[in-house]
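Nothing in this text is a laboratory measurement; each read-out follows from the coordinates by a stated rule. Given the structure is predicted, the values throughout are model-derived calculations rather than measurements. We place every Cβ from the backbone using ideal geometry, glycine too, and count neighbours over all the protein chains shown.
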Ligand code: BG6
């Protein structure tokens with residue numbers, strides 16, 4: 001027997017348990033695009049047991065060969081798209097383990113004949129009675145299929161310590177609101193134990209998502225600053241360039257909020273915001289995540305905005321509006337974009353806003369978690385002409401270009417004291433050779449080995465729906481009047497910008513790397529070099545600036561001395577603005593500053609003030625060149 005064992009903390013990649021995988025919805029898109037390619041990859045990388053079989057369950061008669069032929073075509077396309085060639089040996093082996101089983105989901109006899117086939121597989125292929133039922137069907141069939149399995153006697157496995165196992169993978173969406181998710185949980189928990197249920201969210205199969213825990217908890221560096229003391233806010237973006245493609249009917253019922261937020265985006269949120277678990281045991285991790293989701297304050301309607309794409313251009317190609325997509329109503333009010341602000345009521349996150357956005361037909365495909373650190377104290381730079389600092393960002397790039405980057409300010413080389421934003425990049429591709437994968441391999445493997453860490457527990461799913469329920473309720477009452485409200489290929493509707501602007505913030509650009517590069521290479525606008533930092537001239541200039549201020553206010557107590565000085569600001573956004581918008585958003589370089597004549601150290605009397613003023617007038621408008629301090633190499 002293979003009992004559920006947490007394996008996440010180890011990297012041992014031994015083959016999974018012998019088993020049969022029964023795929024409900026075997027003729028569907030999910031099966032051909034993801035589930036079967038994942039099984040194929042698992043065979044190639046030695047993750048499948050030799051004692052293995054697959055039964056495809058679907059309504060509609062079809063021969064084994066016809067089913068496998070369709071899958072072969074899909075697999076060839078998938079392998080070809082990733083620049084490879086079909087591994088015939090692996091596919092021949094896998095397809096020889098596969099059979100098709102026709103039947104309706106509400107027909108008990110189809111499940112009884114399935115039971116006979118499973119016995120046969122157990123006997124002939126040595127699968128030891130272990131069965132993984134994969135529900136790759138629309139949500140409305142989940143409850144029915146599970147009940148039929150019970151009636152056919154297919155879910156009993158003698159408990160967690162039985163001699164074999166029966167497990168069920170349930171695809172998202174798990175319910176369509178809090179009430180339906182709760183009802184579904186109640187229904188299936190009458191039939192299955194919680195430890196038999198694997199509610200899948202394929203985002204958790206992504207290496208970069210799994211890495212969030214490793215990154216946070218395996219490095220002493222980050223955890224101490226991972227809180228409200230150091231973090232200003234967090235932005236989570238899942239921007240897609242694809243539209244709804246052939247999924248119009250599904251999407252019309254679902255919309256961006258249900259499709260992406262209580263599942264994918266909240267998974268990212270939970271990973272980034274959870275407290276450290278006491279171990280990598282599935283329950284320890286899932287409990288921490290559940291606590292985090294439960295601490296999300298119910299999101300108020302005014303903190304969420306929705307959008308729908310109109311026509312435009314995506315990746316240089318003309319793109320139609322959502323309402324022109326197949327199987328979409330011409331006056332549809334389904335949202336294809338959503339953005340929201342939420343708060344997590346914990347000691348760690350109190351007062352730190354989390355901004356989430358996701359949309360289709362956007363200008364660039366990117367999934368990232370961006371952590372914005374609080375600005376440095378201003379004091380040492382006071383009077384330098386630098387009136388704002390650039391934000392420090394830690395960005396976990398989930399896809400594409402998987403990696404992590406840290407953005408901070410450095411001194412731009414040259415005589416001028418000017419800051420420039422730069423980025424330190426870690427790219428997965430530079431360090432690791434990745435096996436081709438569709439993201440389901442790890443999840444299937446985990447299910448076959450009884451590791452539920454990356455799957456959703458009943459309470460987690462319901463907590464996710466609970467957090468977004470106020471928005472669902474509000475949106476069902478109010479019809480958006482401005483749809484479509486963003487152009488295909490843009491960064492979403494203007495109201496999404498307003499959501500952040502209210503807090504004095506802005507979204508990171510979808511193409512932040514290009515924007516950063518533009519900022520870094522932007523030519524300084526002033527060609528008069530300022531003195532080097534900490535030079536005597538620099539110190540004098542500061543004093544003069546203070547003196548000038550004092551003179552202006554006519555309550556001058558002291559004079560200052562030193563040469564005239566000019567200083568340019570760094571090319572940073574103006575205070576209050578963030579780097580999000582574009583290179584154009586940078587603050588204009590300040591005009592050359594103070595020029596004062598030497599003045600006496602003694603207290604200034606009125607005549608002295610006059611003299612100083614006259615001297616200033618007489619001073620050259622361009623300051624004398626200051627010798628640059630050599631830059632350290
Ligand atoms: C699915 C959604 O769950 O995730 C799709 O239903 C979305 O609408 C997809 O496109 C995004 O996943 P990925 O892995 O392509 O980023």
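Computing FRET efficiency as 1/(1 + (r/R0)^6) for residue 498 and residue 433, where r is the C-beta to C-beta distance and R0 is 41 Å, gives about 0.40.
Each peptide in 248-256, 310-318 receives the mean, over its residues, of other Cβ atoms within 10 Å, and ordering these scores from highest gives 248-256, 310-318. For the pair residue 112 and residue 378, label points projected 7 Å from Cα toward Cβ lie 8.0 nm apart.
Computed over region 19-171, the P(r) tail beyond 26 angstrom holds 23 percent of alpha carbon pairs. Hey, with R₀ at 35 Å, roughly what FRET efficiency would residue 250 and residue 422 work out to, going by the Cβ-Cβ distance, to 0.05? E(calc), rounded to 0.05, equals 0.20. Note that region 304-369 shows a convex hull volume over its alpha carbon atoms of 105 Å³ per residue.
Taking the empirical scaling 2.2 N^0.38 Å for compact globular proteins as reference, region 332-372 has a Cα radius of gyration ratio of 1.49.
For region 201-354, the alpha carbon positions stretch 51, 32, 30 Å along the principal axes, listed from largest to smallest.
Working ranking of peptides 137-150, 455-468 by packing, defined as the average number of other Cβ atoms within 10 Å per residue, highest first, is 455-468, 137-150.
Each of 445, 309, 486 was scored by other Cβ atoms within 10 Å of its Cβ. Listed from fewest to most, they are 445, 486, 309. Taking other C-beta atoms within 10 angstrom as a stand-in for reagent exposure, 404, 170 fall in the order 404, 170, fewest first. At q = 0.10, 0.13 Å⁻¹ the log10 of I(q)/I(0) for region 314-459 amounts to -0.67, -1.04, computed by Debye summation with a single uniform scatterer per C-alpha, solvent ignored. A compact globular protein would have a Cα radius of gyration near 2.2 N^0.38 Å; the ratio found for region 88-217 is 1.21.
Given the Cα-Cα distance of residue 120 and residue 186 and 0.36 nm per residue of separation, how much length would full extension add, in nm?
Taking residue 120 through residue 186 to full extension adds about 20.5 nm, to one decimal.
Measuring from centroid to centroid over Cα atoms, what is the spacing of region 403-436 and region 300-349 in Å? Between the Cα centre of region 403-436 and that of region 300-349, the gap is 31 Å.
Of the peptides 430-438, 230-238, 102-110, 335-343, the ranking by mean beta-carbon count within 10 Å, highest at the top, reads 335-343, 230-238, 102-110, 430-438.
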